[in-house]
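I have placed the structure first, in the form of structure tokens, so that the comments after it can refer back to it.
Read-outs throughout are calculated quantities, based only on the coordinates presented, and are distinct from any laboratory measurement. All of these numbers come straight from a predicted model, not from anything done at the bench. Every residue, glycine among them, receives a Cβ derived from its backbone with ideal geometry; neighbour counts consider all protein chains shown.
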């Protein structure tokens, strides 16, 4: 995610106070979901999540996010001694997303809350594992640990009666999906608000105010990241309309959230912004949309969501390709 060397210069008294350091790392962990190494950005993200979750009457998502980020950060302190990585929040962001996803797709039970804590711990272990595997390619783990951990828990929920699901996709075969035609989407001016929904869907929330707060948080640390988030969401929206995607998925930002992350990663974080990088990022965003649609179909028979795996696949391919090109 974001580099660990920036935004870490605090007063001497701060470094001696483990409580303040832990809070700072937790806020950065939330910010790192979108590659930002800034506690103020993380605070904006948490506020955005709470606003969106309570607006959609799913407060468990907000509290799950907070608990999981705290748990993942604490786990990082226990199992890894790389202080710079810990302080940058790089062990918290995958846990943060686990805490958002499980209350979204699973019923609220004591077992669900235990699964959030357990999944947050596992996400840190998976992060370290994937990071070590990918270091030879100079590519980050991104949100793959979150996806892998969440997929395993969601699939396991089908086997455990004390872990019932509430929002998982209805399992269907690709042939059945192909026969299900959605109405033609007529784009109107008000549908442009879906751009902000696409940004908020990074945290599995479809709320324009949440998306705007996230944008503000991005701009606090990086205007380029905020700009590329807007570009990614706008481009995904237009491409999904042009390709004839499902109207409900378009208006709720379901085609956009992975594209938003891809745009930020390729355009503002792992490459220096330029016209050439802008074109490269646009290609990556469009490819992400195709990966999104393909994984939606491929995973439908399993009854689990794609989460951010389209972003992970597209970004890994484009980052490894760019890294090889510059050697």
Quiz item: In nm, to one decimal, how far is the modelled label at residue 224 from the one at residue 82, with both set 7 Å along Cα→Cβ?
Solution: 2.2 nm
Practice problem: Compute the relative contact order of region 67-116 as a whole-number percentage, counting only Cα pairs closer than 8 Å that sit 6 or more residues apart in sequence. | Solution: 41 percent
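With an 8 Å cut-off on Cα pairs and a minimum separation of 6 or more residues, tell me the relative contact order of region 201-326 in percent.
On the way: 142 pairs, mean separation 31.0, N = 126.
Result for region 201-326 is 25 percent.
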Quiz prompt | Value of relative contact order over the chain, rounded to a whole percent, pairs C-alpha under 8 Å and six or more apart | solution = 17 percent
Exercise. Quickly rank 24-36, 57-69 as a protection proxy: mean count of other C-beta atoms within 10 Å, highest first.
Key: 24-36, 57-69
Practice problem: Calculate, for residue 47 and residue 125, the FRET efficiency according to 1/(1 + (r/R0)^6) with r their C-beta to C-beta distance and R0 30 Å; round to the nearest 0.05. | Solution: 0.55
Quiz item: Where does each of 259-266, 245-252 land if you order them by average Cβ count within 10 Å, highest first?
Solution: 259-266, 245-252
Quiz item: So for the chain, Kirkwood radius off the Cα pairs, Stokes-Einstein at 20 °C and 1.002 mPa s: how many µm² s⁻¹?
Solution: 109 µm²/s
Self-check item: Three-way shape label, region 174-326, alpha-carbon gyration tensor, a/c 1.5
Solution: oblate
Quiz item: When the label point is put 7 Å from the Cα of residue 57 along its Cα-to-beta-carbon vector, which residues of region 197-216 have a backbone N closer than 14 Å?
Solution: none
Self-check item: Separation in nanometres of the label points that stand 7 Å from Cα toward Cβ, at residue 321 and residue 170
Solution: 3.7 nm
Exercise. Would you please put 40-53, 99-112 in order of how densely packed they are, using the mean number of other Cβ atoms within 10 angstrom per residue and starting with the highest?
Key: 40-53, 99-112
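Give me D for region 12-157 in µm² s⁻¹, whole number, from Stokes-Einstein with Rh from the Kirkwood sum over alpha-carbon pairs, 10 °C and 1.306 mPa s. Spell out each step's value before the answer.
Working: Rh = 15.1 Å.
Taking Rh from Cα pairs, D becomes 105 µm²/s.
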Practice problem: Show that you can apply the helix-only estimate: for the chain, add -39,500 (n - 2.57) for every DSSP H stretch of four or more residues, divide by all residues, and state [θ] at 222 nm to the nearest 500. | Solution: -21000 deg cm²/dmol
